[in-house]
Amino acid sequence: MSNHNINKGIGRTVEFKGLKAQYLFIFAGGLLGVLILVMIMYMAGANSYLCLFIGAGGASLIVWQTFALNGKYGEHGLMKLGAKKRHPKYIICRKAVHRYVKFTRKSDAL
């Protein structure tokens, strides 16, 4: 039986076979999703060769795409890409300037 080292130290990210951080969850979740899809198809009465083809094709696609994302973006790059997509390109100012500035008198401040 082979022995795999999963964690390399305290405070470092989890790494397994080159996959780091969130890519492990994408990898495991994708394979679990393909397995459940194949099981549902088989129980529904689909052809077993079709189930094998979809299972093998889906699993290989998940493996290939996960390792490609890991190689392209690195450990934190996928989160940075998602944050960049949510960041506004420019801020729209539709009100007049005096509406943004609020004046308070000294007697009202206390």
Residues within the range 32-45 that are open to solvent by less than 60 Å² (accessible area, probe 1.4 Å) and under 12 Å from A59 (Cα atoms), tallied: 3
Contacts under 7 angstrom Cβ, first residue in the range 67-83 being touching a residue at least 40 places away in the same chain (Cβ under 8 Å) and closer than 20 Å to R12 by Cα, partner open to solvent by 50 Å² or more (accessible area, probe 1.4 Å) and of a type in the set (S, T, Y), 6 or more apart: E75/T13
Qualifying positions in the range 46-69 - part of a helix (DSSP H, G or I) and open to solvent by 60 Å² or more (accessible area, probe 1.4 Å): Y49, L50, L52, F53, A56, S60, L61, W64, Q65, F67
Residue check for K20: surrounded by 10 or more Cβ atoms within 10 Å (Cβ to Cβ) and touching an Asp or Glu at 6+ places or on another chain (Cβ under 9 Å): yes
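Residue-by-condition table, conditions (1) under 14 Å from the mean Cα position of the chain (by Cα); (2) more than 30 Å from S2 (Cβ to Cβ); (3) modelled with pLDDT under 80; (4) of a type in the set (D, E, K, R):
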position	(1), (2), (3), (4)
F16	no, no, yes, no
G29	yes, no, no, no
L35	no, no, no, no
I40	no, yes, no, no
G82	yes, yes, no, no
S107	no, yes, yes, no
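The values are calculated or read from the model by the stated rules, or taken from the named source; none is laboratory data. From a predicted model like this one, the values you see are computed outputs, not experimental measurements. Note that we place each Cβ from the backbone using ideal geometry, even for glycine, and neighbour counts take in every protein chain shown. In case anyone asks, the SASA skips ligands and DNA or RNA and just uses the protein heavy atoms, side chains included. Shrake-Rupley method; radii C 1.70, N 1.55, O 1.52, S 1.80 Å.
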